[in-house]
Amino acid sequence: MRVLVLKDFGHMAVEERPDPVPGPSDVLIEIVATGICGSDVHGFSGENGRRIPGQVMGHETVGRVRALGSATTALEIGQPVTVNPVVIPESARSEYVGREQHCPDKYVIGVRADRSAAFAELLVAPVSNVVPIPAATPILLGALIEPLAVAVHAITRVDPQPGERVLVVGGGPIGQSVALALSLMTGEEAVVAEIDPSRRALIERLGARTLDPQAPTFAEEVRRQLGGEADVVIDAVGVEATLRTAFAVSRLGARICLVGMGAPVVPLDAFRISVEERTLVGSFTYSDDDFRRAASMIGDAPARAGVLISELVPLADGPVAFERAAAGAGAPGKTLVQFGEPETRSTTPPLTACRL
């Protein structure tokens, strides 16, 4: 099989590797497309310390069942599926049901270096982590389920109530997914603060409203757009500046979710939490329920979900796509690396006809 491998930090290459063989409780998946996540880009650059040279990364993926292990009967050959990359031992499932991401013995496909992941023509995954996508859903949308699950979990962590004012800080792929998920889960359109005008334009195509946090009247605009200070803020960036923004435009007693992982350490104004009684919660990956909820949601608004895909590149162009993303010149939305034929690229994929 062909794979996109991290040869060294700052250098990706296409290589041939042996085809993987599924174990009894595994599924062999023929990959259709895999999204480039911000964590993959940080792994490519060596910034996050969670990827190593020689590794095949990738965890935002969609494909079709190619083969089943001898003890696996729940799926059909050719069935379109995605993969929940958070894998826990079967023996731990009953203890961690509904909070699988808390299992200390978990690993994440695409992060664990000794397991070939989804930037490959073939992927082996445990059957318990293979999730069918709705049959009528354009298959490329399946690669958006993982980031949508991140958004579903973040929203669940702060649980916006009807009538509460919600602000999303950061309009990259996670902020975009939060905007879409918020609409699908609550019926409310998001307000998103984003610096980049191309990302603001994409978010507006989702039906959300946008603000430029660098504008001198930003705080006033937040209050005008929301009708007051935010009750809930979801920080999809996770750096000092965005947390300061979250504190500055939210009311006393507000709930703030930190889902972005832009910096490993950030200084905090403790009084903005303690004296002003804000709640700051973290959000990392998702539960199995969150992931399956995202999989069922993805087909509810295919035209809007398709807006999240900005670029579809063939495997041969994968190294260049990583270089562009690391240089800050990537697409405003999600870039998908496509495997198999046809090897095409499009800024507006024909999602209603992409049964690849």
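Only the coordinates and a few stated rules stand behind these numbers; no lab work does. Small disclaimer: the values here were computed from a predicted structure and weren't measured. Cβ atoms come from the backbone with ideal geometry, glycine included; neighbour counts cover every protein chain shown.
If the chain between Ile273 and Glu90 were fully stretched, how many nm would it gain, using 0.36 nm times the residue separation less the Cα-Cα distance?
Working: separation 183, 0.36 × 183 = 65.88 nm, distance 3.88 nm.
This chain segment gains 62.0 nm when fully extended.
Tell me which residues come under 5 Å, amide H to amide H, from Val239 once H is placed; ignore anything under 5 positions away on its chain.
Long-range HN contacts for Val239: Gly262.
Which whole-number percentage describes the relative contact order of the chain, with Cα contacts under 8 Å and a sequence gap of 6 or more? All intermediate terms of the calculation are to be shown ahead of the outcome.
Working: 817 pairs, mean separation 68.7, N = 356.
Answer for the chain is 19 percent.
Top mean-square fluctuation among Glu194, Glu90, Glu240, Gaussian network model of the chain, C-alpha springs under 10 Å?
Sorting by GNM fluctuation, first place goes to Glu90.
Out of all DSSP beta bridges in the chain, what portion is antiparallel? Express it as a percent rounded to 5. Display every interim value, and only then the final one.
Numbers: 31 of 55 bridges.
Antiparallel bridges make up about 55 percent of those DSSP assigns within the chain.
With runs of 4+ DSSP H residues as the only contributors, calculate the mean residue ellipticity of the chain at 222 nm using -39,500 (n - 2.57) per run, divided by the residue total and rounded to the nearest 500.
That comes out to -7000 deg cm²/dmol.
Could you work out how far helix 145-158 tilts from the main Cα principal axis of the chain, as a 0 to 90 degree angle to the nearest 10?
Computed tilt is about 30 degrees.
With springs only between Cα atoms under 10 Å apart, run a GNM on the chain and tell me which of Ala120, Ala181, Ala215 wobbles the most.
Result for the chain, Cα springs under 10 Å: Ala215 fluctuates most.
Let me check I've understood the local charge: for Asp212, count other residues with C-beta under 13 angstrom from its C-beta, Lys and Arg +1, Asp and Glu -1. What total comes out?
Working: positive: Arg199, Arg200, Arg209; negative: Glu194, Asp196, Glu204, Glu220, Glu221.
It works out to a net charge of -2.
Against the longest alpha carbon principal axis of the chain, how many degrees, from 0 to 90 and to the nearest 10, is the axis of helix 288-297 turned?
90
Just to be sure I understand: with springs between alpha-carbon atoms less than 10 Å apart, which residue in Gly69, Gly340, Gly49 has the highest mean-square fluctuation in the Gaussian network model of the chain?
Fluctuation is largest for Gly49.
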